[in-house]
Amino acid sequence: MKAKVLGQSYQRFDVRKETGLNSAVRIMATDTVCPRPRRTDRVRGMAQTQTTLVRVASLLTAGTIVLAGCAVPFTTVGQGPAAEPTVAAKTSTSQSRPEAVVRRGTVQDSIKVIGRVISSQEADLYFKTTNRLRGIFVETGQEVKAGQVMAEQETGDLLTRIAKAKATVENAQINLDKARAKGVLDETADDASAFQTSQISLDQTRIALEKLQHGPQDADVKTAEAGIAQAVAGLEKARVDLATKEAQLAAKQADLAYKLTGSSPEAITAAQADIETRRIAYERSRAGVRPEDIQTAEVKLEQAKTKLTQLRDAPPVKAEDIANAQLAVQAAEIKIDQARAATAGSPAQREADVRTAQINLEQARNKVTSLQNQAANPWDVRLAEQAVSAAENDLAKTKIVNQFDIQTAKVALDLAVAKLEFLQRGPNELEVNALRNEISSLLLAIESAKLAIPSSEAAVTAAQAKLEAVQRGPNELDLRDQQAKIEKAQLDVEKARATLEVERQKLSANRAATSYDAQALDKDVEKARLDLEQLEANFNDARIIAPFDGKITKVTGKSGDNVQAFTPVISISSPANMLINAQINEADMPKLAIGQRALISLDAFPGQTINGSVITLPSSVVTQQGVVADKNTKIQVEWTRAGAQLGMNARVQIVVERKDGVLLVPTQAIRTVGKRRFVEYMDGNVKRSRNVEVGITTDVETEIVSGLDEGMAILAGT
């Protein structure tokens, strides 16, 4: 029995009078005729109808009630003709559900949440000891700098104890440094040097004895001869110095006599002639450029250019010609050797052959020289170029009046005039006295030079005696004297060795003692440092210092309060790098990934969307109560301008996935039955379905991976 025909629906029966049966039948008809369009509701309605029929059958004893499509009328007990149902107008499914066209476009899956502006650096600061609070030096909203003291506990005399501990550390370190310096200092260096010197002296005396025993050596003889030559040279130098000083004395005495006797007429005449020559040169330089000088300079320039042209235009000499000429020289040299070594013929003939070979050799050499001279030498060309440049410069100078040359000629003329005036005036007293002083100095120098000659002669005699002694060799007395020197040198070595050994033993003993003292002092330094570090740690534990630049967000407590250790007193946040913190639903957490783009809107920036990116993901936090899910997600923001404040709310849209050029349908058009996903469409008047594979799904649109074609019309909505 069907309660509904596909595509048709009917209204309830309109019955004027109802009995118990009519009521039951109406209930049955209502549940059967007007079910919900869903398949599960139709099945449920069928079951309810069957239950109702059983109940009616228990009350009725008459026949069977047949219902066919809710179109068969029935008669109630004790009533007149049955009431006719009102039939509703027939409506098609395609008219009741809108259609949508499968289109190609862009789909974007995103997570939308409300976030809050936070700081990338936040810290809850506390004391590490339980003590009375001395004071809090900041307040909520205040900006602080890194290292700033924000709160302190009562510390008593802790600062005084820290200062004493620092002094103790410094004193202990000084004592340790002294001990180490004393242990490192090696005072045996002088003794070791004395020992090495005595050994060297002993070796030298032994070598000297061996030389005496072996007699005169060639080197000693040559040294003695060199000493004689040096002494003779010194004697000659002394004699030359004496002769030189005597000559200088004679010149000065003659000059003095000349000045005292006055100038001769010849000197005055020569001075006058020199003045006339200088005057002519001066007048010529003032007169300017002379044509003959320019002509002379031009001739020199042409000569230099001609020589340069000849060098450049000289015919090149072939390298093979020079090589052949050199081979001819070698061949001539071989013929000379052959002629000299020949034994055939008479001596006169052999001598003539040698002479001919020599002439041929000279001719071959002259040919090589001639060929080499014919080749243009680059250096000669360079010199010729420089000569041309110099001639050009001389010509240019000749054409230009040089004021410096005029001035030079004027100075030379003035000097000549001054010389004539000096000759005519005669010497003055100062010049005569200066010459007399120079003569006196030369007389003293001559006496010293005379005394140096006997000394030089004595040096020559001593050098000759030394040479004779070297050539004669040592005598018995010399050998005994040298042996005595060796014995004394050996005693010096033994004494130096003993002294060095004693000093080294002392140094070793001192170092051992110093090492022990240094170890003890090192422990004292370490203990003092530990005490100081402990006191400084206690002092730092009694202070709260800003770990970074930031703003105070919370302050708890006041002066005089007893603050427990590790209880937060001050909260600080850094506004230098503000982030967005958002709490993500557990269902959306698997979609998140580091680096995903976020679009952020704040009331502080109306109409502006700020870009951001996900930098941290939700995680699990282990607490005393167990594992707690942390839903917080941190988003790095690309702030475009200032204005955001800590604690502001922000609307965040995290782009999970985006695809371009995909097939899209309305999300409400997708039907799901079990694991099956499908869409419905009209094939003429027949409704059909088609399975689809979906991708990204949003509240509005869904990506179709497979199953549909672009432009296809499907049923959308319910």
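Less than 16 Å apart at the alpha-carbon level, and either on another chain or at least 8 residues along: which lysines does that give for K399?
Hits, sequence-local ones excluded: K300.
Looking at this model, which pairs from K237/K259; K222/K245; K128/K558; K222/K488 are more than 24 angstrom apart at the alpha-carbon?
Exceeds cut-off: K237/K259; K222/K245; K222/K488.
Taking just the alpha-carbon atoms of region 549-678, what radius of gyration and Dmax come out, in angstrom?
21.0, 74
Rounded, prolate or oblate: which fits region 316-375 when a ≥ b ≥ c are the square roots of the eigenvalues of the alpha-carbon gyration tensor, with rounded for a/c under 1.5 and prolate only if a/b beats b/c?
Prolate, since a/c reaches 1.5 and a/b exceeds b/c.
Which trypsin sites (Lys or Arg not before Pro) from region 486-590 combine a DSSP loop assignment with at most 13 other Cβ atoms within 10 Å?
K558
With respect to the cross-link table entries K112/K551; K554/K591; K307/K397, which display a Cα-Cα separation exceeding 26 Å?
Where the Cα-Cα span goes over 26 Å, the pairs concerned are K112/K551; K554/K591.
Determine the equivalent ellipsoid of region 242-305 by diagonalising the alpha-carbon gyration tensor, then write out the semi-axes as square roots of 5 times the eigenvalues, largest first, rounded to whole Å.
The equivalent ellipsoid of region 242-305 has semi-axes of 45, 21, 7 Å.
What do you get for trypsin sites (Lys or Arg not before Pro) in region 667-716 restricted to DSSP loop and a cutoff of at most 14 other Cβ within 10 Å of the site's Cβ?
Taking region 667-716 and a limit of 14 other Cβ atoms within 10 Å, the loop trypsin sites (Lys or Arg not before Pro) found are K675.
With a cut-off of at most 10 other beta carbons within 10 Å, and DSSP calling the residue loop, which trypsin sites (Lys or Arg not before Pro) in region 280-326 qualify? Please list them.
none
Residue separation times 0.36 nm, minus the C-alpha to C-alpha distance between L451 and A352: what's the value?
28.9 nm
Roughly what percent of Cα-Cα pairs across region 189-231 reach past 17 Å?
Of all Cα-Cα distances in region 189-231, 54 percent exceed 17 Å.
Label region 95-188 by shape, choosing from rounded, prolate and oblate, from the square roots a ≥ b ≥ c of the eigenvalues of the Cα gyration tensor; if a/c is under 1.5 it is rounded, and otherwise prolate applies when a/b is larger than b/c, oblate when it is not.
oblate
On a C-alpha basis, how far is the centre of region 201-241 from the centre of region 245-279 in Å? Whole number, if you could?
52
Give the relative contact order (percent, whole number) for region 214-361; include only Cα pairs under 8 Å separated by 6+ residues.
Relative contact order of region 214-361: 13 percent.
If you average the alpha carbon positions of region 507-572 and of region 660-699, how far apart do those two centres end up, in angstrom?
Value for the Cα centre distance between the two parts: 72 Å.
Since every read-out is calculated from the coordinates, none of them should be taken as a lab result. Nothing here was measured: the structure is a model prediction, and the numbers come from that model. Glycine gets a Cβ as well: all are built from the backbone with ideal geometry, and neighbour counts include every protein chain shown.
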